[in-house]
Ligand code: KG4
Ligand code: ZN
């Protein structure tokens, strides 16, 4: 017999954010995110340090999620956790914790695919969140992934396009590093781009057929451009940072939107939902809004809180899996690489 209501505790630890959330059915009661500042000085996530920070953070983060939700652990119905993809050492902290607690409480364990969670975050019952209808197209853009997914149902998803090399968030972070910006550079570029001229510099777009993406060429183009300009003027980056960021961001948004136009044409689906850290980007949000007016699309953009890595998105998947009684085996293992 299903306990009603369903209280899910979810744990996300795939990269450099330790997060725990408590849901009552499909509604968020709490969503605590501890970001790891330790990586900033290295300009990227250091896997070993990430695992250690998860170990430090996980107990206080879970305690805070439960107390903010005002839910006692003995009232929990299930524990959901991220199985993958992600950094193995980081995933293992979350999965070991989830398994131990589920075993101690004698409740089901639910494993969740991180990218599926970025897509299903749209189904969290929260104020002002619009919920897409099936089928819809999801553009998942994060530090580790860039995919176009045809979403037929909660657990019927088909990847119809993906990056052949770097993820879009990686392109933001690596190009930002070349410009001397901090980590993660995506939000910094976004902020500077708002004050710059997007037409000032031109970066050539990759020529990849169909729905696949490539960002490594753009990265090289930015590198050569900066090297050339700095030779002529050593202060070039400092003097032009806003225009460089605006022009770079426009190129990335154009690449994403060009592919989405092909995907809409190929599938006839005009509902577009975005997910993943880069969906926080103001350029892509504006472009989607314009496509609603200009192209007749309906766009779905998650609340900022659900764009970056967070356990609320793991909890919503946990809830739908609970309804289907789709529980994990306690012997199941974390996977750094995991297909959708
Ligand atoms: O989904 P996420 O939190 O973690 C992964 O699963 O990768 O995404 C993190 C990525 C980073 O590359 C970060 O630079 C990028 O999302 N990001 C942004 C913005 N906010 C975060 N990129 C562009 N514009 C933003 N506003
Ligand atoms: Zn993510």
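Just a few scattered comments:
- For region 10-55, filtering for residues that are in contact with a helix residue (DSSP H, G or I) (Cβ under 7 Å, 6 or more places away or on another chain) and under 21 Å from residue 312 (Cα atoms) leaves 27.
- All conditions but one from (1) more than 20 Å from residue 330 (Cα to Cα); (2) buried (at least 19 other Cβ atoms within 10 Å of the Cβ); (3) free of Cβ contacts under 8 Å to residues at least 40 places away in the same chain apply to residue 115; the one that does not is (3).
- Selection from region 162-193 of residues that are outside any helix (DSSP H, G or I), in contact with a helix residue (DSSP H, G or I) (Cβ under 6 Å, 6 or more places away or on another chain) and modelled with pLDDT of 95 or more: 165, 166, 179, 181
- Criterion violated by residue 272 - all others in (1) within 16 Å of ligand 1 (Cβ to nearest atom); (2) assigned by TED's automatic domain parsing to the domain that holds residue 209; (3) modelled with pLDDT of 95 or more; (4) touching a strand residue (DSSP E or B) at 6+ places or on another chain (Cβ under 6 Å) satisfied: (1)
- Criterion applied to 222, 208, 237, 264 was being under 23 Å from residue 292 (Cα atoms) and either buried (at least 16 other Cβ atoms within 10 Å of the Cβ) or within 16 Å of ligand 2 (Cβ to nearest atom) (or both), and the one residue passing it is 264.
- From the list 225, 248, the lone residue that is more than 23 Å from residue 159 (Cβ to Cβ), part of a helix (DSSP H, G or I) and out of contact with any helix residue (DSSP H, G or I) (no Cβ under 7 Å at 6 or more places or on another chain) is 225.
- With respect to the conditions (1) modelled with pLDDT of 95 or more; (2) more than 16 Å from ligand 2 (Cβ to nearest atom); (3) farther than 24 Å from residue 179 by Cα, residue 248 falls short on a single one, namely (3).
- Candidate set from region 121-148 (those that are closer than 24 Å to residue 328 by Cβ and within 14 Å of ligand 1 (Cβ to nearest atom)); member that is surrounded by the fewest Cβ atoms within 10 Å (Cβ to Cβ): 144
- Candidate set from region 310-340 (those that are touching a helix residue (DSSP H, G or I) at 6+ places or on another chain (Cβ under 7 Å) and within 16 Å of ligand 1 (Cβ to nearest atom)); member that is modelled with the lowest pLDDT: 340
- Considering only residues in region 1-42 that are surrounded by fewer than 17 Cβ atoms within 10 Å (Cβ to Cβ) and more than 22 Å from residue 110 (Cα to Cα), the one that is nearest to ligand 2 (Cβ to nearest atom) turns out to be 35.
The values are calculated or read from the model by the stated rules, or taken from the named source; none is laboratory data. These figures come from a predicted structure and were not determined experimentally. Note: ideal-geometry Cβ built from the backbone for every residue, glycine included; neighbour counts use all protein chains shown.
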